[in-house]
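The values are calculated or read from the model by the stated rules, or taken from the named source; none is laboratory data. None of these values were measured; they are calculated from a predicted model. Don't worry about glycine lacking a Cβ; one is built from the backbone with ideal geometry, like all the others, and counts go over all protein chains shown.
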């Protein structure tokens with residue numbers, strides 16, 4: 001899904017304070033949608049057992065984006081709790 005424009009159909013609920021942070025960090029809504037599309041289609045995400053929030057990353061180019069989010073009940077999109085980015089490559093280990 002990240003390679004297609006299907007990620008644009010993902011509905012996001014972004015609180016005002018998070019939106020301000022995203023603007024400061026130059027992170028676009030489209031970047032967040034791509035991360036969530038990748039995480040939801042591959043299952044590559046972590047769950048914080050204390051908050052229930054999910055954490056996922058995706059690297060569509062030279063920047064890795066990280067998004068902390070949770071699904072809205074009844075599958076009506078996702079609430080964004082935080083997001084950040086960096087230019088470091090995250091290598092995942094292969095199963096031995």
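See the values below:
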{"read-out": "Residue in region 31-44 that is at pLDDT 95 or above, more than 15 Å from residue 61 (Cα to Cα), surrounded by fewer than 16 Cβ atoms within 10 Å (Cβ to Cβ) and in contact with a helix residue (DSSP H, G or I) (Cβ under 8 Å, 6 or more places away or on another chain) present", "value": "yes"}
{"read-out": "Filter result for the condition that a residue is modelled with pLDDT under 95 and touching a helix residue (DSSP H, G or I) at 6+ places or on another chain (Cβ under 7 Å), over 60, 73", "value": "60"}
{"read-out": "Flag for residue 60 being in a loop (DSSP other than H, G, I, E, B) and either under 13 Å from the mean Cα position of the chain (by Cα) or under 18 Å from residue 6 (Cα atoms) (or both)", "value": "yes"}
{"read-out": "When residues of region 63-96 are limited to those that are under 19 Å from residue 11 (Cα atoms) and assigned to a loop (DSSP other than H, G, I, E, B), the one farthest from the chain's Cα centre (by Cα)", "value": "76"}
{"read-out": "Residue that is farthest from residue 75 (Cα to Cα), among those in region 8-30 that are touching a residue at least 40 places away in the same chain (Cβ under 8 Å) and assigned to a helix (DSSP H, G or I)", "value": "21"}
